[in-house]
Amino acid sequence: MSLRDKLLLAQAPLALALLLVGVVAVNTLGRVGRAGQDILADNYRSVLAMQRIGEHLERLDSAALFIVVDERERGQELAGAHLQPLEAELKVQEGNVTEPGEAEATSQLRRAWARYRSAYEAFAIAEAPEARRAAYFDALAPAFREAKAATQTLLALNQDAMVRKSDALQRKSRRVNSLMVTAVVVALVGGFLASASLTQRALRPVSVLSQAVRRLGQGDLATRALVQGQDEIAQLARDFNSMAEALQRYRRSSLGELLQAQASSQASIDSLPDPVVVFGVEGGVLNVNRAAEEVLRLSVEGGGALGQVAPEVREVLERVCSHVLGGKGPYLPRGYEEAVRVEGAEGDRWLLPRGSPVYGEAGGVVGATVLLQDVTRLRRFDELKNDLVATVAHEFRTPLTSLRMAIHLCAEGVVGPITEKQADLLHAAREDCERLQGIVDDLLDLSRLQSGRVVLEVRPVSTEAVLEAALAPHRVSAEERGVRLSMSQEPGLERVEADPDRLQLVLSNLVANAVRHTSHGGEVVVRARSDGERVRFEVADTGEGISPEHQQRIFEKFYRVPGANTGGAGLGLSIAQEIVQAHGGEMGLSSEPGVGSTFWFTLPSSLQAEGDS
Ligand code: ADP
């Protein structure tokens, strides 16, 4: 049975009750109406007939009196008008005998009337006035009174019956009234209760279904709606059950696939020999590989807090993570010097950090992966190389000095006269020696800086003096190349805390590069300004610029941009960066090929603040 039929059926008891009440009401009202009609038909008609007969009798008596006073014509005319109607009314009464005793009273009336008629006929033919009067008083008047009395009897009889019947009708209608009220109440209550219970029964599956839907919404995919039957709700419940089953199957399969995918991605990063740490967008650790657990003693189960790892490793991880999450792109180390030392059971390890962004579907950065590449061996090689370079450079110094001296003495003709050609060759040799000496000096400088053997002599220095001293050696070459040199300094920034010679060397290297890489008509500006907690120096040029692929590597030792006009061995920027870092600062650049480059570095201004106060 369909839900519609069930709901219709549920209304049936109420409708049935109403029908029953209606039938009873119609029936009862019909009976009451018929009883009223009976009264009208049985008695009221007789009452009417008796009243009319009484009136006719009165008129006939008046007609007789007219005749008595000798107005015969008028009397006979009046009598003629009432004789027939009275007869007719008497017939009506004879046909409407309904009450006990009424038949006798009616025949009594009939007899009285017959007597009156015969007396009237005798009276009508009497000519003499005395005879008429005697006929009237002796026969007609008594017959009149007799007929009148019979009429009164019948009238009273019927009126009494009317009163009696009307009383009975009234009582009956009162009974019917209360019966009707009771019937209505019983029918309505019964019908309502039956309808409510049927409706509830029809709708119980809806609540079963709704409970199942609620449980499914709360994540209980095993829930099912148990509804029997063939109606729409049962169909809906079956559809719901198949949906829940499909969802459960999907969850099982997608969960399985997800777990499989997770396991394989975990296995992939676990297979890497180097520690890998994955950060979420908020900077919390989302995942680590086995190497990270072993080497860094970092685990996601422990809440992934970086507090467990050694402070220097934590500092590196946080720096790389904030670089990547800050939207600055992948983090690439500048050299092995960035490697961080981690103590382990098999000795110390050196780990070089690299960071790559994890992109979300919308293209935004949603995390960062930091790989700590084990460069222990490479770093050892680098150290060996540095040592070798430093040793070689050191060993070069003494012979180079003698070589320079010898060339100088020869070139100056101290050891004998030389030809012009010999002089040219000696000049060229002297220039190469100078260059070689510069490279050797740079290498030794760099090796000292890298090994931390350089002790900085930090003191308050006039910013203007440093800038001026850095620009001065390059003014001539800048003028020769047609490059404008200028400096600008933020008002109020009078002093900076630094090793003046080293700071000047950094600035001088940057200005030399800027002038060298800027063509005729270009400009080089050196600026100094305060940048929050730091003092920021900038050397900006309008030169050839550096393409992005070289920008990352430009601070590496011996790195030179291929094909660029360069005079050095690719050590200037490495030395400058080492000096800045030794001051606790940072160095970087922004450059656009064809537009120009800006090299910048910052120095902590805490000492400068103290110097000001
Ligand atoms: P070098 O002493 O050989 O100049 P550096 O370390 O100072 O070595 O510079 C490394 C490389 O960076 C150079 O080969 C040069 O090509 C490039 N470079 C440095 N400064 C600039 C600049 N201002 N504009 C363009 N290229 C530059």
Discussion item. Report the per residue volume, in Å³, of the convex hull enclosing the C-alpha atoms of the range 309-426.
Written reply: 187 Å³
Discussion item. Against the empirical 2.2 N^0.38 Å scaling, what ratio does the C-alpha Rg of the chain come to?
Written reply: 2.66
Response to the item:
In terms of the charge dipole of the chain, which places +1 on Lys and Arg and -1 on Asp and Glu at the beta carbon, the residue among 68, 262, 289 farthest towards the positive end is 68
Item to complete: At q = 0.15, 0.17, 0.19 Å⁻¹, what is the base-10 log of I(q)/I(0) for the range 127-201 according to the Debye formula with one equal point scatterer per Cα and no solvent? Please give it to two decimals.
Response: -0.76, -0.82, -0.88
Fill in: Residues of type aspartates and glutamates that residue 385 reaches as a straight line, Cα spacing below 20 Å, ignoring anything fewer than 8 places off in the same chain
337, 338, 348, 374, 395, 441, 442, 445, 556, 578
Discussion item. Over the range 369-465, what portion of Cα pair distances is larger than 15 Å, expressed as a whole percent?
Written reply: 73 percent
Item to complete: Rounded to the nearest 10 degrees, what's the angle between the helix 45-68 long axis and the longest principal axis of the chain, both from Cα atoms, 0 to 90?
Response: 40 degrees
Discussion item. Quick check: at a probe of 1.4 Å, how many percent of the accessible area of the range 78-135 sits on carbon and sulfur atoms?
Written reply: 60 percent
Worksheet item: Over the Cα atoms of the range 1-142, what Rg and Dmax result, in angstrom?
Response: 29.0, 103
Practice prompt. May I ask for the equivalent-ellipsoid semi-axes of the range 243-365, computed as the square root of five times each C-alpha gyration tensor eigenvalue and listed largest first in whole Å?
Written response: 32, 18, 12
Worksheet item: Reachable lysines from residue 165, Cα under 30 Å, same-chain residues fewer than 8 places away excluded?
Response: 91, 148
Discussion item. For the range 60-188, take every pair of Cα atoms, bin their distances at 10 Å starting from 0, and report each bin as a whole percent.
Written reply: 12, 30, 21, 14, 9, 7, 5, 2, 0
Worksheet item: Taking the Cα centre of the range 1-157 as origin and charging only Cβ (+1 Lys, Arg; -1 Asp, Glu), how large is the dipole, in debye to the nearest 20?
Response: 800 debye
Discussion item. Which chymotrypsin sites (Phe, Trp or Tyr not before Pro) in the range 496-562 sit in a loop by DSSP (not H, G, I, E or B) and have at most 14 other Cβ atoms within 10 Å of their own Cβ?
Written reply: 558
Discussion item. Can you give me the accessible area per residue for the range 181-317, using a 1.4 Å probe, in Å²?
Written reply: 61 Å²
Worksheet item: Taking the Cα atoms only, what angle lies between the long axis of helix 102-125 and the longest principal axis of the chain, rounded to 10 degrees?
Response: 50 degrees
Worksheet, complete the sentence: The answer for GluC sites (Glu not before Pro) in the range 219-312 that fall in a DSSP coil and have at most 13 neighbouring Cβ atoms within 10 Å is 282, 301
Worksheet item: Along the charge dipole of the chain, which of 550, 161, 478 sits closest to the positive end, that is, farthest toward it, with unit charges on the beta carbon of Lys, Arg, Asp and Glu (+1, +1, -1, -1)?
Response: 161
Worksheet item: What percentage of the solvent-accessible surface of the range 180-335, computed with a 1.4 Å probe over protein heavy atoms, is contributed by carbon and sulfur atoms?
Response: 59 percent
Discussion item. Please report the projected area of the range 484-613's Cα convex hull averaged over all directions, in nm².
Written reply: 7.9 nm²
Worksheet item: With N residues in the range 282-344, what two-decimal value do you get for its Cα radius of gyration over 2.2 N^0.38 Å?
Response: 1.14
Discussion item. Taking 8 Å as the Cα distance limit and 6 or more residues as the minimum spacing, I'd like the relative contact order of the chain as a percentage.
Written reply: 8 percent
Worksheet item: Roughly what angle does helix 141-217 make with the longest principal axis of the chain, taking Cα atoms, 0 to 90 degrees, to the nearest 10?
Response: 20 degrees
Worksheet item: lysines near residue 328 by alpha-carbon distance under 27 Å, same-chain residues fewer than 8 away left out - which ones?
Response: 557
Worksheet item: Can you pull out the GluC sites (Glu not before Pro) in the range 392-490 that DSSP calls coil and that have at most 10 other Cβ atoms within 10 Å?
Response: 457
Discussion item. Is the C-alpha gyration tensor of the range 422-490 telling us rounded, prolate or oblate? Criteria: a/c under 1.5 is rounded; beyond that, a/b larger than b/c is prolate, otherwise oblate.
Written reply: oblate
Discussion item. Starting from the Kirkwood Rh over alpha-carbon pairs, what translational D in µm² s⁻¹ does the range 467-539 have by Stokes-Einstein at 25 °C and 0.890 mPa s?
Written reply: 193 µm²/s
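The values are calculated or read from the model by the stated rules, or taken from the named source; none is laboratory data. Quantities reported herein were computed from a predicted structural model and do not represent experimental measurements. Positions of Cβ are backbone-derived with ideal geometry, glycine not excepted, and every protein chain shown enters the neighbour counts. Surface accessibility is based on the protein's heavy atoms, side chains included, excluding ligands, DNA and RNA. Shrake-Rupley method; radii C 1.70, N 1.55, O 1.52, S 1.80 Å.
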